[in-house]
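These notes are about the structure you will find just below.
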Amino acid sequence: MTTTMTKGNIIDILAVSRLSLISMVLLLSSLPTPVRADTFGDFTYTTNNSSITITEYNGPGGNVTIPETIGGLPVIRIGDRAFDSCTSLTNVTIPDSVSSIGPNAFAWCKNLPSITIPNSVTNIGNSAFDSCISLTNVAIPDSVSSIGYGVFANCKNLPGVTIPNSVTNIGTQAFLFCTGLTNVIIGSGVITIGSESFYGCIRLTDTTIPNSVTTIGDYAFSGCSSLSSITIPNSVTRIGNYAFNNCGLTGITLGNSVTNIGSYAFGWCYSLPSISLPASVTSVGNLAFNQCRSLSAISVDVSNAVFCSVDGVLFDYSGTTLLVYPPAKADRYTISNNVTRIGDGAFNYCTSLTSITIPEGVTTIGNVAFNECTRLTSVTIPNSVTNIGHSAFAYSALTNVTIGSSVTRLGNNAFDFCENLVDVYFRGNAPSLGSGGFFSDDKATIYYLPGTTGWATTFNGRPTSKWVLPNPVILNFGPSFGVQTNGFGFTISWATNAPVIVEASTNPATPSWSPVTTNTLSEGTAYFRDAEWANYPSRIYRLRTP
């Protein structure tokens with residue numbers, strides 16, 4: 001095959017090649033100019049877009065003035081870690097040309113006593129002044145709109161701070177462990193107080209949360225042990241998990257827009273005597289008032305359709321779930337008959353509780369429900385209960401406990417560290433276990449009824465023994481109870497080799513008893529079956545001894 005190329009063809013090909021070269025030149029010219037590091041006195045800097053960024057300080061410290069221009073170009077940014085760990089720095093002047101202070105820019109300048117941030121600065125990077133432990137004075141200008149992550153964290157000698165109205169967000173850990181901070185003025189533009197923002201500010205005694213704030217983050221004021229009172233404004237809708245955990249609160253007022261109170265939100269507020277929940281609250285997290293030792297009453301706005309309060313005890317609106325029993329209430333308590341669930345942490349750390357009556361009808365005992373009830377010595381768990389949560393009675397003062405026949409599982413560590421526990425009586429079959437159950441309960445013996453199943457010589461490391469009741473009993477649970485293929489049957493439990501008479505009646509209202517059979521209990525148990533039960537319109541049974 002022969003290919004002929006004319007002069008016109010060659011011209012076209014050359015034209016295309018020339019256009020390609022022009023495109024390549026244009027592309028290269030559009031690429032950014034490489035940033036070059038130069039020095040000016042004790043500063044290393046870079047030039048970009050006709051402006052200067054200070055990237056490093058290499059001088060002797062002392063009093064330092066950052067230049068406003070270098071080579072006729074404005075210095076607009078103090079770069080990341082530019083003065084990081086400059087322990088000899090005692091004073092710094094930032095020019096009005098600077099608009100941004102980068103992350104960690106002055107972190108660990110531990111001898112810097114004060115800083116004036118000019119009005120030109122709009123952005124302060126994360127951890128910019130972290131661990132400036134000598135910092136006693138800082139002025140944040142109105143030009144700043146956000147205080148980022150850890151900006152003043154660990155500035156332990158900073159006594160007070162004013163957050164201007166221009167700031168809308170106080171970032172996570174912004175003032176973390178500012179242990180010398182006694183007063184904070186929060187500007188009227190702040191919308192979010194971030195997680196751990198004032199965590200561990202142990203000397204903070206006074207702050208006002210403005211009406212602009214809608215969210216108080218997790219751990220926001222946790223560990224502010226000198227903070228004695230706080231008013232949550234009507235604008236706030238969420239109080240985060242652990243938000244005021246371990247504060248010295250003696251009083252708190254919740255605004256009427258709060259919908260969500262997080263888990264442990266007021267935990268370990270030992271001096272808080274009472275709290276009132278507004279009608280707006282729809283969610284109270286687990287253990288929100290954990291170990292509030294002085295708390296004697298929780299009240300609820302009567303129009304609330306989610307919660308109710310009965311004699312200072314917090315329930316769900318229907319009154320069927322007991323949510324929080326204030327630790328400082330009376331030492332004896334009887335749960336009402338309409339309760340079906342004891343919530344997570346409901347009686348946690350109720351150190352004054354000496355007696356609890358749990359009615360038939362309760363089906364669930366929540367996680368850590370009676371954890372650390374250090375004066376509660378005895379409890380009977382009714383046959384209606386099917387689930388006992390993790391650590392439900394851990395670290396309590398129990399010496400004996402009776403567990404109903406419907407419990408099929410014990411949660412992790414349910415009775416761990418009950419070191420005075422001696423007698424544990426099970427009415428039903430051996431339940432399944434999570435991790436632990438009776439750990440460190442070195443005095444405890446597990447007793448079970450003859451005829452129940454799943455028991456061995458030990459249970460969760462504790463010795464077992466048969467439990468002989470004063471009278472014979474019918475084990476009215478499990479697959480062997482009730483209607484069987486060839487009759488109605490049940491297991492009888494009592495003493496080994498004891499005779500037991502089963503009697504029946506056809507009239508529950510005015511029974512007339514007739515003996516059906518006499519059973520001798522081998523190993524403390526015997527099975528009774530009534531093959532004639534279907535011949536009667538109704539039939540009830542009882543046991544008696546000869």
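The values are calculated or read from the model by the stated rules, or taken from the named source; none is laboratory data. Predicted, not measured: the structure shown is a model, and the values here were computed from it. All Cβ positions, even for glycine, are placed from backbone atoms using ideal geometry, and neighbour counts span all protein chains on display. Remember, those area values only see protein heavy atoms, side chains included, never the ligands or the DNA or RNA. Shrake-Rupley method; radii C 1.70, N 1.55, O 1.52, S 1.80 Å.
Provide the gained length on full extension for the span E68 to N157, in nm with one decimal, where the gain is 0.36 nm per separating residue minus the Cα-Cα distance. Before the final figure, lay out the partial values.
Details: separation 89, 0.36 × 89 = 32.04 nm, distance 2.99 nm.
That pair, E68 and N157, stretches by 29.0 nm at full extension.
List the relative contact order of the chain as a percent without decimals, with contacts defined as Cα pairs under 8 Å and 6+ residues apart.
On the way: 1681 pairs, mean separation 23.2, N = 546.
That works out to 4 percent.
Kindly report the accessible area of the stretch 37-171 per residue (heavy atoms of protein chains, probe 1.4 Å, no ligands, DNA or RNA), in Å².
Numbers: 5470 Å² over 135 residues.
On a per-residue basis, the stretch 37-171 sits at 40 Å².
Near K329, which aspartates and glutamates are there with a Cα under 16 Å away, not counting those fewer than 8 places off in the same chain?
Cross-link targets: D311, E372.
Taking the simple approach of a point 7 Å from Cα along Cα-to-Cβ for both T282 and T518, what is their distance in nm?
The answer from the label model is 6.9 nm.
Quote the charge dipole size of the stretch 432-546 about the Cα centre in Debye, to the nearest 20; the model charges only the Cβ of Lys and Arg (+1) and of Asp and Glu (-1).
Working: 7 positive and 6 negative charges, 19 e Å.
Computed about the Cα centre, the dipole is about 80 debye.
For the chain, which semi-axes, largest first and in whole Å, follow from the square roots of 5 times the eigenvalues of its Cα gyration tensor? Don't skip to the answer; put the middle values down first.
Values: eigenvalues 1032, 237, 96 Å².
Ellipsoid half-lengths, sorted descending, are 72, 34, 22 Å.
In Å³ and rounded to a whole number, note down the convex hull volume per residue for the Cα atoms of the stretch 359-500. Could the numbers behind the result be given before it?
Values: hull volume 16.5 nm³, N = 142.
In the stretch 359-500, the Cα convex hull volume per residue is 116 Å³.
Treat each spin label as a single point 7 Å out from the Cα along the C-beta direction, and report the R203 to T320 distance in nm.
The two pseudo-label positions are separated by 5.4 nm.
Could you work out what % of the accessible surface of the chain is carbon and sulfur, using a 1.4 angstrom probe and leaving DNA, RNA and ligands out of the count? Display every interim value, and only then the final one.
Values: 12280 of 24190 Å².
Summing carbon and sulfur atoms, their accessible area is 51 percent of the total for the chain.
Per residue, how much accessible surface does the stretch 254-397 expose to a 1.4 Å probe? Answer in Å², no decimals. It would help to have the intermediate numbers written out before the result.
On the way: 5090 Å² over 144 residues.
Ligands and nucleic acids excluded, the figure is 35 Å² per residue.
Label point 7 Å out from S51 along Cα-to-Cβ: which residues of the stretch 137-170 have amide N under 16 Å?
Once the point is set 7 Å along Cα→Cβ of S51, 143-145 turn out to lie under 16 Å by backbone N, inside the stretch 137-170.
Work out the FRET efficiency for N183 and T402 from their Cβ-Cβ distance, taking R0 = 45 Å, and round it to the nearest 0.05.
Details: r = 55 Å, r/R0 = 1.23.
Efficiency computed from Cβ-Cβ geometry: 0.20.
Once you place label points 7 Å from the Cα toward the Cβ at S271 and S378, how far apart are they in nm?
Distance between label points: 3.9 nm.
Under the 0.36 nm per residue contour assumption, what length would be gained going from the current alpha-carbon distance of T458 and A297 to full extension? Walk me through the numbers on the way to the answer.
On the way: separation 161, 0.36 × 161 = 57.96 nm, distance 4.34 nm.
Roughly 53.6 nm would be gained on extension.
Quick one: what do you get for the stretch 417-498 if you divide its Cα Rg by 2.2 N^0.38 Å? It would help to have the intermediate numbers written out before the result.
On the way: Rg = 14.8 Å, N = 82, 2.2 N^0.38 = 11.7 Å.
Normalised Cα radius of gyration, the stretch 417-498: 1.26.
At R0 = 60 Å, how high is the FRET efficiency between R542 and T231 if r is their beta carbon distance? Nearest 0.05 is fine. Show your work: numbers first, answer last.
On the way: r = 64 Å, r/R0 = 1.07.
For R542 and T231, the calculated efficiency is 0.40.
Only four residue types carry charge here, +1 at the Cβ of Lys and Arg and -1 at the Cβ of Asp and Glu. Report the dipole size of the chain about the Cα centre in Debye, rounded to the nearest 20. Intermediate results must be reported in sequence, preceding the final value.
On the way: 23 positive and 29 negative charges, 164 e Å.
Computed charge dipole of the chain: roughly 780 debye.
Within straight cross-link reach of K156, meaning Cα distance under 20 Å, which aspartates and glutamates are found once same-chain residues fewer than 8 apart are removed?
D84, D130, E196, D206
Using the charge dipole of the chain (Lys, Arg: +1 at Cβ; Asp, Glu: -1 at Cβ; taken about the Cα centre), state which of I252, L89, T207 has its Cα farthest towards the positive end.
With unit charges placed on the Cβ atoms, the residue in question is I252.
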